[in-house]
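What follows is calculated from the coordinates using simple rules that are stated; it is not laboratory data. A quick note: this is a predicted structure, and the numbers were derived from the prediction, not measured. Because the Cβ atoms are built from the backbone with ideal geometry, glycine has one as well, and the counts that use them run over all protein chains shown.
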Amino acid sequence: MTSDKDLLQQAQQEISQLILGKSRQVQLSLCCLLAGGHLLVEDLPGVGKTTLAQVFAKVVGLEYQRVQFTSDLLPADVLGLSVFDRNTNAFHFHPGPIFTQFLLVDEVNRASPKTQSALLEAMAEQQVTIEGETRKLPQPFFVMATQNPIFQSGTFPLPESQLDRFMMRISLGYPDERSERLLLEGGDPRQQIKHLRALLDGERITQLQQRVSEIEARGSVISYLQRLIAFTRQDSFFAFGLSTRASLALLQAAKAWAFLEGRDFLLPDDIQQVLEPVAGHRLQAAADHRVEGETLVKRLLAEVPVLA
Amino acid sequence: MSAEHNEFSAEQYSRAGPWVLAAQLIVILPLYKVLPVWTILLWGSVAFWYWKVLRSAWVHPSALIKTALVLAGFSGIYFSYGRFLAIEPMVAVLVIALVLKLLELKHRRDYWLVLFLCYFCLGCGFLFEQGLLSLAVAIVQLLVLLAAQQRFYGGQLAPTASLKLAGLMLLQAVPLMLFLFVVFPRIGPLWTMPLPSQSARTGMSDNVEFGDISSLIASADLAFRVQFEGEPPAAEQRYWRGLVLENLQGRRWSRSDYKGLVALPESIKEGGSEPDLSYTITLESNFHEWLYSLTPSVLQDTDAHYAGAGQWLLRKPRNGRLQYQGQWFADVQIDAHKHELTRNLQLPDDINPRTRALAEQWRLQYSQPSERLAAALAYFRSGQFIYTLQPPRLGKDNVDEFLFETRQGFCEHFAGSLVFALRAAGVPARLVVGYQGGEMDAEQGYFRVYQSDAHAWAEVWLEGQGWLRVDPTATVSPDRIRLGAESVFGGVQGFLDAAPLSLRNFAWAAEIRAMADRINYAWARWVVNFDSDSQSAVLVKLLGKIDMQRLLIALLLFGGLPLLLLGIWATRFERGAQLPKLEQRYLACCQQLAKLSGIGRREGETPHQYLQRIQAQAPEWGVWFAEVTEVYVAARYRPGGDNNKALLQMKTLAKARRI
């Protein structure tokens, strides 16, 4: 167990060498990977979303592919397609970029809804069906999608049902002054990526994911989780409550967080740590309260008793 | 009180707007039978205006418009009812006031006023309906009103949760309701109000023309229930006398205006002799002017008075359910005064010449009135008459046409024609209307008499025998009398037509119908008729006797004490009682720590977060509280944590710091 913890800490440190001053976001990304979910990174252009993905992919040692979403991208460009081969007189399947372990989808909200939903379906089912044939995706399969805030022009905002498929949503934000200084004094981070060590690999990650699901959650923590969920369903601040999928995601993410903290049991603290990234993008304020998901999560944390 | 000084501003109240509208709608709708249609339309348009105001699209109407609306409302009520001083217009005025108040909802007191008026309107509904259904309606109304009221206290709950909470509040109020139901004084009416207009009445009327009763039979409504003490009389005896119609004007039979000589026969006056049968009748909720009874009966009701000819009238017409007891003297003769006999021989001139001729023939042929009566009945028996719900329409000489041409009629045709013919033959006769038969509820042992059991029969005066009941319908269609209207007309077009969905139309539903009726009967008997007499009886049973001292003690004991206990329980054990012991102890430590260090634990804080704050802000407690937290967390969250061991550790820790 300690070796797992050390290894994961090393990995976090390795990533944080290049992603400066964002240790929480790095830990959440790792948490999301270990919980078997997919990650949505939402922020303004140029704050290091893509760099985070590249560094992350390098350090966790997964087979990496990147797709840049644009408005004219077609589902086949992501999933792959069959091409007629004149030599063999038969169709041959050319797998798309999705057939990889770590897929970076850049600017997911710039593609048309058709392409978006093709991707998101594959994410949920871990398989792709093309021309009637179902193909399994490699394991582990992890999608990190980046998106610009929806008020930017030329975007197709993801509908709530699609947002639900991302286990977490995080945003990076501007770096603090010290980190930015370090960054400016150092070289171009993209140049340094090749010097990074790959500390994990696909097989190791599958093992770790297995460990995470074995973490014990006692009734007292589960009740707290249920109180949180119930509150979102009853309180009039919320347009609608959290789904069952959301509560499962919350539990799984909290377990991964506990694992990263080196514990084999769950504390209410773990749930609180992952609540914002897991629930923030799934919650909407009721029509007469104009507040963001973040405020709603704060309300949840403040109002729901931890002990009851 | 100005709105600015309240912590809950008028603007926040306006968020309760949709609920205020819902509350209004749900109290006004069930009054639809009483209110003119335009009040609902008025509500709709005023509610629309209010909605626009809420959305800041429109402004509140000016004083001029409001005054105009009030005046229009009042004149509308006057034109709809023709008067103000009656229950219905009064309720309508209340409703109009409630509706128009929407246009000046600005301050918090306005919102409260509207809500309280809604409660008042809800109560008004019971002036018109007291059945079980109205109870169900009232419960739904209360739920909505309570949910609306919650909006005035912050309104954080979603609608379904709000309604659930309202249900809980209502349930909690049930003991208090029952208590008040039993002990609250039944004060007589403080003023009397003229009762509703003609339109509100259903059932038998006090005058009859051919075709009137057959239209009653389309109704599936219950008229009354009868409970006999002892063996119920046979179907042929169950003639429920209502009114005696002596006057025939044109084709219409009506009551005689003659008021003299209305004493009860000597032999059945009080204490005269033992009655053959006692019975209790419960009239369904309706407008009542007269009572139904077996002939001849004495009714035990202070409000009832004997009006001659076996009729019992109410001193003052009443609305609602009514219960009274009667004693039946089966063999007592009803005699007649000679003026009465003359009155019952009168016929309008120049109609029905053929009947008169036939009667004249009987008069010449037979010297005895009883023989003339036998001849008339023989005529009905042999004449191939048909008992039908849909008799052909008759012209001016209706009796002639019926007796000699169409020969199809309903009970009032037979009875009316017989009376006409007998009077023409010089035999005193009169028409009686009421109900006949009734359906037995085998389980409960009472009879149900429906509007479709409405009936008309004749009475004939014979020397030495007094007034005798003669029912020509029984001659033509004996099944109607022995088995009831349903046996003759069941399935025939016209029977229960006005109630196509009534369970009475379906044989298989008989059991369900009987069950529903039993519940209704119990409701009427135990709840609606719980008057000051029954109340005193209950109180005497409970307290021994009634005096101020005992009442006060009982009030304190049954009312005050439970409330006091509830209050103590609510404040002291509000949440603590439901928590496991370990949690209680940990929270006790937290509370004590908060007192000592001034740093309180927040609801949403985990043990570790609180510990961190304590360590940062009150380090002198840090070490000790870290131990407390570790013990708690280990027992509560670690796999296989031991509660009992932790409890002991916690106790020692608490003792160490004298907590």
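Quick one: which residues, 5+ away or cross-chain, put their amide H under 5 Å from the amide H of B:Leu468? H built at 1.01 Å from N.
Amide H neighbours of B:Leu468: B:Val460, B:Trp461, B:Leu462.
Which pairs in the list B:Lys33/B:Lys541; A:Lys136/A:Lys255; A:Lys255/B:Lys581; B:Lys595/B:Lys645; A:Lys58/A:Lys136 are over 31 Å apart, alpha-carbon to alpha-carbon?
Working: B:Lys33/B:Lys541 40 Å; A:Lys136/A:Lys255 27 Å; A:Lys255/B:Lys581 27 Å; B:Lys595/B:Lys645 27 Å; A:Lys58/A:Lys136 23 Å.
Result: B:Lys33/B:Lys541 exceed 31 Å.
Compute the acute angle (0 to 90°) between the alpha-carbon long axis of helix B:510-523 and the principal axis of greatest extent of the alpha-carbon atoms of chain B; round to the nearest 10°.
70
Does anyone have the angle between helix B:411-424 and the longest principal axis of chain B? Alpha-carbon axes, 0 to 90°, nearest 10?
Compared with the principal axis, the helix lies near 30 degrees.
Could you run the Karplus curve 6.51 cos²θ - 1.76 cosθ + 1.60 with θ = phi - 60° over segment A:162-171 and give me ³J(HN,Hα) per residue in whole Hz, x for Gly and Pro?
With the stated coefficients, segment A:162-171 comes to 7, 4, 4, 6, 8, 5, 9, 10, 10, 10 Hz.
How about segment B:623-659: which trypsin sites (Lys or Arg not before Pro) there lie in a loop by DSSP and see at most 11 other Cβ atoms within 10 Å?
Details: sites: B:Arg636, B:Lys645, B:Lys651, B:Lys655, B:Arg657, B:Arg658; in loops: B:Arg657, B:Arg658.
Within segment B:623-659, the qualifying trypsin sites (Lys or Arg not before Pro) (loop, at most 11 other Cβ atoms within 10 Å) are B:Arg658.
Taking the Cα centre of each part, how many Å lie between segment A:104-176 and segment B:77-125?
First find each Cα centre; the distance between them is then 58 Å.
Among all stretches of chain B without exposed GluC sites (Glu not before Pro) (DSSP loop, at most 10 other Cβ atoms within 10 Å), which one is longest? Spell out each step's value before the answer.
Numbers: sites that count: B:Glu7, B:Glu270, B:Glu443, B:Glu463, B:Glu574.
Looking at chain B, B:8-269 is the longest stretch - no exposed GluC sites (Glu not before Pro) with at most 10 other Cβ atoms within 10 Å.
Go through segment A:240-252 residue by residue and turn each phi into a ³J(HN,Hα) via Karplus (6.51, -1.76, 1.60, θ = phi - 60°); whole Hz please, and just put x for glycine and proline.
8, x, 6, 7, 5, 4, 5, 5, 5, 4, 4, 5, 4
Let me know the longest stretch in chain A that avoids all chymotrypsin sites (Phe, Trp or Tyr not before Pro) found in a DSSP loop with at most 16 other C-beta atoms within 10 Å. Don't skip to the answer; put the middle values down first.
On the way: sites that count: A:Phe151, A:Phe240.
Free of exposed loop sites, the longest segment is A:1-150.
Amide H neighbours of A:Val291 under 5 Å, counting only residues 5+ apart in sequence or on other chains, H built in-plane at 1.01 Å?
Distant-sequence amide H within range of A:Val291: A:Ala285.
Mind listing which trypsin sites (Lys or Arg not before Pro) in segment A:5-100 are in a DSSP loop and have 10 or fewer other Cβ atoms within 10 Å?
Values: sites: A:Lys5, A:Lys22, A:Arg24, A:Lys49, A:Lys58, A:Arg66, A:Arg86; in loops: A:Lys22, A:Arg86.
Those satisfying the criteria are A:Arg86.
Through the Karplus equation 6.51 cos²θ - 1.76 cosθ + 1.60, θ set to phi - 60°, convert the phi angles of segment A:32-49 into ³J(HN,Hα) values in whole Hz; use x for Gly and Pro.
Taking θ as phi minus 60°, the curve returns 5, 4, 5, 7, x, x, 10, 10, 10, 10, 10, 5, 5, x, x, 9, x, 5 Hz for segment A:32-49.
Normalise the Debye intensity by I(0) for segment B:576-656, one equal point scatterer per Cα, no solvent, then take log10 at q = 0.11, 0.12, 0.22, 0.23 Å⁻¹ and round to two decimals.
Cα-only, vacuum Debye calculation for segment B:576-656: -0.26, -0.31, -1.07, -1.16.
Write out the trypsin sites (Lys or Arg not before Pro) in segment B:98-141 meeting two conditions: DSSP loop, and at most 16 other Cβ atoms within 10 Å of their Cβ.
Working: sites: B:Lys101, B:Lys106, B:Arg108, B:Arg109; in loops: B:Lys106.
Passing both the DSSP loop test and the Cβ count: B:Lys106.
For B:Asn286, enumerate residues with amide H under 5 Å from its amide H, sequence gap 5+ or separate chain, H modeled in the peptide plane.
B:Gly320, B:Arg321
So how compact is chain B: Cα radius of gyration and Dmax in angstrom?
36.1, 128
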